[in-house]
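Quick notes on the structure that follows.
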Amino acid sequence: MNDRILNYIGLATGAGKTVTGEEKTLEAIKTGRTKVVLLASNAGKSTAKRIKDKCATYDVTVIDKYTNEELSQATGTYNRVVMAISDKGFARKIKELL
């Protein structure tokens, strides 16, 4: 795992600064608790549409260049499809690396 964004995702997860799952991520977007959402590039069409539409409405950056396997490996969990970074510092650094 040499990608710096994935490294920061792993650090944010270890620090407890991520929100995982579709419904919890949508809630974090609506309440303004996130500015970066990670969406697996191989996510289902309906999930991808819901997340992207909500992010467009609330001006949240969506990163969809990683597969769910890469996101799962970065977080050390199984089958991560949608997640949000809830810490402003981690979110800012990840956006800088885009």
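Laboratory data are not the source of any read-out in this text; all were calculated from the coordinates shown. Note that the coordinates shown come from a computational prediction; the quantities given were computed from them, not determined experimentally. In this analysis, Cβ positions are derived from the backbone assuming ideal geometry, glycine residues included, and neighbour counts consider all displayed protein chains.
Restricting the range 38-93 to trypsin sites (Lys or Arg not before Pro) that sit in a DSSP loop and have at most 16 other Cβ atoms within 10 Å of their own Cβ leaves Lys65.
Computed over neighbours whose Cβ is under 13 Å from that of Lys95, the net charge equals +2, Lys and Arg +1, Asp and Glu -1. Neighbours of Ser46, meaning other residues whose beta-carbon lies under 13 angstrom from its beta-carbon, give a summed charge of +3 when Lys and Arg score +1 and Asp and Glu score -1.
Among the listed pairs Lys52/Lys95; Lys65/Lys95; Lys24/Lys49; Lys65/Lys88; Lys54/Lys93, those whose Cα-Cα separation exceeds 18 Å are Lys65/Lys88; Lys54/Lys93. State whether the range 4-93 is rounded, prolate or oblate according to the following rule on the C-alpha gyration tensor (a ≥ b ≥ c being the square roots of its eigenvalues): a/c under 1.5 gives rounded; otherwise a/b larger than b/c gives prolate, and the remaining case gives oblate. Verdict is oblate for the range 4-93.
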